[in-house]
Amino acid sequence: MEALTPTSRTGMKTLRRFHSGQALVLATASIVVLIGFAGLAVDVGSFYSARRRMQTAADAAAIAGAGALEGSSSVSAGYATAAQDVATLDGFQNSKDGISVTAAQVSCPGASSEQCVQVNVSQPVPTYFLRVLGYNAMTISTQAIAGGVNSSGCVYALDPTKSSSVGLTGTLNINMSCGMLVDSDSSTGLDVTGTANITTTGVGVAGNGYGSTGTITWNPLPVKNIAPAPDPLAGLAAPSFSAPSLLAVNQSYCEGYTGTSSSALTIPAGIYPTSPSNPSKPPLSGMTYGCDGSDGISVTGTFNNGVTFSAGNYGGGIQLNGTGSVTMSPGQYQKASGGAYSLKVTGTTNVTMAAGSYTFDGPVLLTGTGNVTLSPGVYCGGIDITGTSTVTFNPGEYIIGGNGLVNTGTSTMTGTGVSFDNTTCGSYAYAPIDITGTVTAHLSAPISGPMVGILFFDRNGGAGATVTGTASTTYEGVLYFPNSSLTYTGTSSAAACNPSAGTGGYTAIVADTITFTGTSTIGICSDYSSLGGKSPIASDTLYQ
């Protein structure tokens with residue numbers, strides 16, 4: 001063995017010093033790498049946290065924007081403002097600290113004919129450890145798309161406990177191209193008695209059972225123990241209006257005519273007394289002039305060339321009883337002090353209200369057999385139809401303030417683009433909608449505006465509402481009675497729901513409790529083509 005010489009020992013020492021230096025370099029490099037990974041982990045965690053908060057804000061902003069866009073016919077309806085307002089509430093204010101929040105109207109994914117709102121949110125997020133590599137901030141961005149989705153249900157019974165929250169009695173054939181939801185936890189919250197064939201897309205009951213007595217065919221069977229559904233229209237604002245004030249008498253005579261006239265009669269605007277201090281007025285040719293003691297304005301007999309009410313305000317009560325045509329102009333029409341009505345139409349009188357804004361202070365009574373065309377406005381004191389008239393409602397919103405909309409006669413009601421808000425007005429107490437006569441009705445809701453798709457709106461509650469009709473009756477729109485019971489017999493646009501054949505239309509019912517009764521076929525369809533495919537009962541959801 002060769003002995004170690006001083007030279008070789010020196011070489012070994014040098015080698016050991018070399019290895020020690022190399023280890024130090026490697027250890028230092030490893031520590032730097034570990035610190036880098038640790039820093040990257042910290043920064044990535046910061047990015048992830050910021051992005052999660054940003055995505056939450058984008059989701060909420062998109063849903064808010066979709067809600068603002070829903071039902072609007074204008075791109076400039078404020079959906080972008082709504083989206084940015086909500087993003088600000090979540091801590092992401094546009095143009096502040098480098099934040100960008102944009103909202104745009106886009107086609108909904110998978111439904112190109114529908115409009116959604118896309119929101120993009122971005123913000124520079126500061127780094128911590130990555131700054132040593134020259135990265136002081138990283139821009140994080142998120143995107144969300146939201147839009148309306150039609151509800152699968154079109155019949156909602158909201159009462160949480162009652163038996164027979166939905167009751168079906170009689171011999172019924174119910175055909176629904178949508179679903180039914182019963183919130184009652186009673187085992188008989190859904191209760192069917194008699195002979196019934198019920199076809200739906202699905203029935204859900206919150207209770208652990210349902211009542212079924214008689215010969216009942218379900219297609220499909222109800223599903224039990226579902227979660228109760230909230231009021232789908234709870235956020236819908238009621239129409240606003242102002243109750244009228246009685247105007248003071250400003251005429252010294254009445255307008256009272258009896259007999260037969262071949263001349264046209266024009267009634268000037270005015271608030272007329274029922275017992276005037278100066279009753280004399282030149283009579284119209286062929287007619288006798290005189291006050292009847294009850295009305296400020298009365299026309300009885302035959303008026304071959306018509307009667308016209310000039311534009312303006314009328315008071316003292318109006319009674320029209322005879323044969324002929326009457327044209328009314330926009331304005332306020334009020335009852336006499338202590339009177340029973342603002343307008344009473346009897347006989348075979350035909351009445352047409354010209355387009356414009358109308359306000360009635362006192363009931364409108366239709367007891368005759370003529371044709372009556374009403375215009376939208378405020379009807380304080382309600383509308384009461386007891387005759388055999390054909391009543392046409394011009395398009396628009398009808399505020400029924402007190403006494404309700406009542407039809408107990410044998411009449412026909414028609415109206416396209418109409419909405420009825422049943423409420424109170426001044427001293428006129430609430431009364432339910434009561435359509436119980438031998439009525440043939442063809443009513444459809446507006447296709448635009450704040451009450452789009454809403455046919456009847458009644459949040460007051462109390463006495464139950466009744467909406468029925470003959471076999472050919474059609475109600476197209478939402479019947480909204482969340483705080484009262486509803487008895488219903490009607491159909492959408494056809495008993496057989498067949499949207500592809502153009503015979504569907506749509507009906508939706510939201511009420512505290514609902515009773516279907518009688519011997520009838522009831523069609524409740526969900527063809528929303530007249531509304532651009534959008535159901536009035538819809539919610540906003542995230543598409544992505």
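Pull up region 368-389, narrow it to residues that are of a type in the set (Val, Ile, Thr) and at pLDDT below 95, then point me to the one that is nearest to Tyr341 (Cα to Cα).
Thr386
Of all the residues that make up region 501-511, how many are in contact (Cβ under 8 Å) with a residue 40 or more places away in the chain and either aromatic (Phe, Trp, Tyr) or surrounded by fewer than 22 Cβ atoms within 10 Å (Cβ to Cβ) (or both)?
Number of matching residues: 1.
Can you say whether Val155 is assigned to a strand (DSSP E or B), modelled with pLDDT of 90 or more and farther than 22 Å from Arg52 by Cα, as far as the supplied structure shows? Reasoning before the result, please.
Numbers: assigned to a strand (DSSP E or B): yes; modelled with pLDDT of 90 or more: yes; farther than 22 Å from Arg52 by Cα: yes.
For Val155, the condition - assigned to a strand (DSSP E or B), modelled with pLDDT of 90 or more and farther than 22 Å from Arg52 by Cα - is met.
Can you name every one of the strands (runs of 3 or more DSSP E) wholly within region 239-353 that holds 1 or more residues which are buried (at least 16 other Cβ atoms within 10 Å of the Cβ) and either outside the structural domain of Ile400 (by TED's automatic domain parsing) or modelled with pLDDT of 85 or more (or both)?
Because the criterion is at least 1 residues that are buried (at least 16 other Cβ atoms within 10 Å of the Cβ) and either outside the structural domain of Ile400 (by TED's automatic domain parsing) or modelled with pLDDT of 85 or more (or both), the strands (runs of 3 or more DSSP E) in region 239-353 that meet it are 255-261, 265-267, 297-309, 318-328, 331-334, 343-347, 350-353.
Which one of these is under 27 Å from the mean Cα position of the chain (by Cα) and under 30 Å from Pro363 (Cα atoms): Leu236, Leu247? Quick ask: steps written out before the conclusion?
Numbers: Leu247 fails: under 27 Å from the mean Cα position of the chain (by Cα).
Answer to the check: Leu236.
Per-residue answers, yes or no, for (1) under 17 Å from Leu542 (Cα atoms); (2) part of a strand (DSSP E or B); (3) modelled with pLDDT of 85 or more; (4) in the same structural domain as Arg53 (by TED's automatic domain parsing):
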| position | (1), (2), (3), (4) |
| --- | --- |
| Ala87 | yes, no, yes, yes |
| Gln93 | no, no, yes, yes |
| Lys96 | no, no, yes, yes |
| Thr102 | yes, yes, yes, yes |
| Val106 | yes, yes, yes, yes |
| Ser112 | yes, yes, no, yes |
| Gln115 | yes, yes, no, yes |
| Ser122 | no, yes, yes, yes |
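In region 469-483, how many are surrounded by 17 or more Cβ atoms within 10 Å (Cβ to Cβ) and closer than 18 Å to Cys154 by Cα?
Applying the first criterion (surrounded by 17 or more Cβ atoms within 10 Å (Cβ to Cβ)) to region 469-483 yields 469, 473-482.
Among the residues that remain, those that are also closer than 18 Å to Cys154 by Cα are: 474-482.
Counting residues in region 469-483 that are surrounded by 17 or more Cβ atoms within 10 Å (Cβ to Cβ) and closer than 18 Å to Cys154 by Cα gives 9.
From the residues in region 447-490 that are within 16 Å of Met413 (Cα to Cα) and assigned to a loop (DSSP other than H, G, I, E, B), which one is modelled with the lowest pLDDT? I'd like the intermediate steps shown before the answer.
Taking region 447-490 first, the residues within 16 Å of Met413 (Cα to Cα) are 455-456, 466-477, 489-490.
From what is left, the residues that are assigned to a loop (DSSP other than H, G, I, E, B) are 468-473, 489-490.
Numbers: Thr468: 87, Gly469: 82, Thr470: 80, Ala471: 76, Ser472: 80, Thr473: 84, Thr489: 80, Gly490: 65.
The residue in question is Gly490.
Inspect all residues belonging to region 222-229 and state whether any of them is in contact with a strand residue (DSSP E or B) (Cβ under 8 Å, 6 or more places away or on another chain), closer than 17 Å to Ile522 by Cβ and either of a type in the set (A, V, I, L, M) or without any contact (Cβ under 8 Å) to a residue 12 or more places away in the chain (or both).
No - not one qualifying residue is present in region 222-229.
Look at region 417-433 and say how many of its residues are part of a strand (DSSP E or B) and either within 21 Å of the chain's Cα centre (by Cα) or not assigned by TED's automatic domain parsing to the domain that holds Gly396 (or both). Reasoning before the result, please.
So the first thing to find is which residues in region 417-433 are part of a strand (DSSP E or B), and the list is 418-423, 425, 428.
This time we only want the ones that are either within 21 Å of the chain's Cα centre (by Cα) or not assigned by TED's automatic domain parsing to the domain that holds Gly396 (or both), so: 418-423.
Number satisfying all stated conditions: 6.
Tell me which residues, restricted to region 242-279, are aromatic (Phe, Trp, Tyr) and touching a residue at least 40 places away in the same chain (Cβ under 8 Å).
Tyr257, Tyr272 - these are the residues of region 242-279 that are aromatic (Phe, Trp, Tyr) and touching a residue at least 40 places away in the same chain (Cβ under 8 Å).
The values are calculated or read from the model by the stated rules, or taken from the named source; none is laboratory data. The structure displayed is predicted, hence computed values, not measured ones. Glycine also receives a Cβ, built like all others from the backbone with ideal geometry; neighbour counts cover every protein chain displayed.
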